[in-house]
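Undergrad: Take a look at this one; I'll ask things after.
FYI, it's all coordinate maths here, none of it is from the lab. Predicted model, so just to flag it, every value in this text is computed and none were measured. Cβ atoms come from the backbone with ideal geometry, glycine included; neighbour counts cover every protein chain shown.
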Amino acid sequence: MSAAPSPALPALSVEGLRVAYGDVEVVRGVDLVVRPGEKVGVVGESGCGKSTVALALMGLLAAGGSVTGGAVTVSGSRVDYHDERALDRMRGSQLSLVFQDPLTSLDPVKSIGSQIAEALRRHSPRMSRAAVRARCAELLTAVGVPEPERRLRQYPHEFSGGMRQRALIAVAVANDPAVLIADEPTTALDVTTQAQVVDLLDSLVDGLGVAVVLVTHDIGLVSEFCDRVLVMYAGRVVEEVPSDVLFGGAAHPYTRALLESLPVPGRPRGEDLAWIPGAPPPLSALPPGCSFAPRCAWAQPECSVGTPPRVVVSEPSVAALGTALHTAECRRALEVPRG
Ligand SMILES: Nc1ncnc2c1ncn2[C@@H]1O[C@H](COP(=O)(O)OP(=O)(O)O)[C@@H](O)[C@H]1O
Ligand SMILES: [Mg+2]
């Protein structure tokens, strides 16, 4: 973790990540590259493995969970998930994670200030008390909590849900990580507060240069916030698509179905959800071939045989910029009507 950050290096690079709980592989070869200051979305239905990816990257899998394959590099340095001390140094200073529920992630018996201070001291044990106090106030201000001096002395229960999420984000960015992974950070919040938290994440990308990986089931949210979106299904990334071509240009039938299930303003209720038939398959008994084939309107007999190819869709405008590739793991990716 000692390499100097370089803008040329990805902030985070994940290759072929595999994670199993017991005998069941739930993350089945995930690739993810995040460049400095980039906003990347990871989206998919509940149970597709999003949180497992986030926890595995942090080295925080629950008992019974293990990384069974792949390589992770943070700011150019390979992460050794067997080295607990190195992981401790990495967490918070290179990679940070905020969870969905700030009430369970914050310690109810410690003041907000002492929790931010603890995060700071973990990586900078020699910081003076005055410097810690000043930095805590600065961080609360940066995450949009007014009256930081007073707020630092308060406890989590004295904060509203939105303010708690802000405090948690302050803890997560206290040590200037290269990448902040936010796992459903707005799911427990009302719509207005959700929008404020997303604005806050945006301001952190601009202000601190931190890259954000936004993990959510909400494809509308990622399309608004992110530069690039990875769509997961049954433990794999089935499409990687620049956000600006997501709506008109998504190529994987699963991504299209997710987009069609978004409520459309003005359409009468009852007609606003295009259901994806069936449910995701249990990861312990995946169908042969493409995991989505049994639910896919476009499936052909060959889709149930062998691994589906990763097809480069690459919208011309994006390919021309050379910034983001558009790929879909579907043998019919170029035939599915887009738009
Ligand atoms: N601690 C755990 N032990 C066993 N299985 C788990 C555990 N956590 C998650 N899983 C299983 O792993 C799969 C992926 O879960 P998860 O990563 O939480 O999905 P998501 O965040 O996309 O909803 C699910 O089938 C889930 O039941
Ligand atoms: Mg989850």
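Undergrad: Ranked highest first by average number of other Cβ atoms within 10 Å, how do 241-251, 299-309 line up?
TA: Packing proxy ranking, top to bottom: 241-251, 299-309.
Undergrad: Divide by every residue of the chain the summed helix terms, -39500 (n - 2.57) for each DSSP H run of at least 4, and state the resulting mean residue ellipticity at 222 nm, rounded to the nearest 500 deg cm²/dmol.
TA: Value at 222 nm, helices only: -9000 deg cm²/dmol.
Undergrad: Where the only charges are on Cβ atoms (+1 Lys, Arg; -1 Asp, Glu), what is the dipole of the chain about its Cα centre, to the nearest 20 debye?
TA: 740
Undergrad: Mind jotting down a quarter of the surface of the convex hull over the alpha carbons of the chain, in square nanometres, one decimal?
TA: Orientation-averaged projected area of the Cα hull: 18.4 nm².
Undergrad: Set Lys and Arg Cβ to +1 and Asp and Glu Cβ to -1, take the dipole of the chain about its Cα centre, and tell me which of P337, G235, M163 lies farthest positive.
TA: M163
Undergrad: Specify the angular offset, from 0 to 90 degrees and rounded to the nearest 10, of the alpha carbon long axis of helix 129-142 from the longest principal axis of the alpha carbons in the chain.
TA: That helix lies at roughly 40 degrees to the long axis.
Undergrad: Taking Cα pairs under 8 Å and at least six residues apart, what relative contact order does the chain come out at, in percent?
TA: 19
Undergrad: Assuming a ≥ b ≥ c are the square roots of the Cα gyration tensor eigenvalues, decide whether the range 105-147 counts as rounded (a/c under 1.5), prolate (otherwise, with a/b larger than b/c) or oblate.
TA: oblate
Undergrad: On a 0 to 90° scale, report how tilted helix 112-123 is relative to the longest principal axis of the chain, with both axes built from alpha carbons and the result rounded to the nearest 10.
TA: 80
Undergrad: Could you give the Stokes-Einstein D for the range 19-129 in µm² per second, using the C-alpha Kirkwood radius, 10 °C, 1.306 mPa s?
TA: 99
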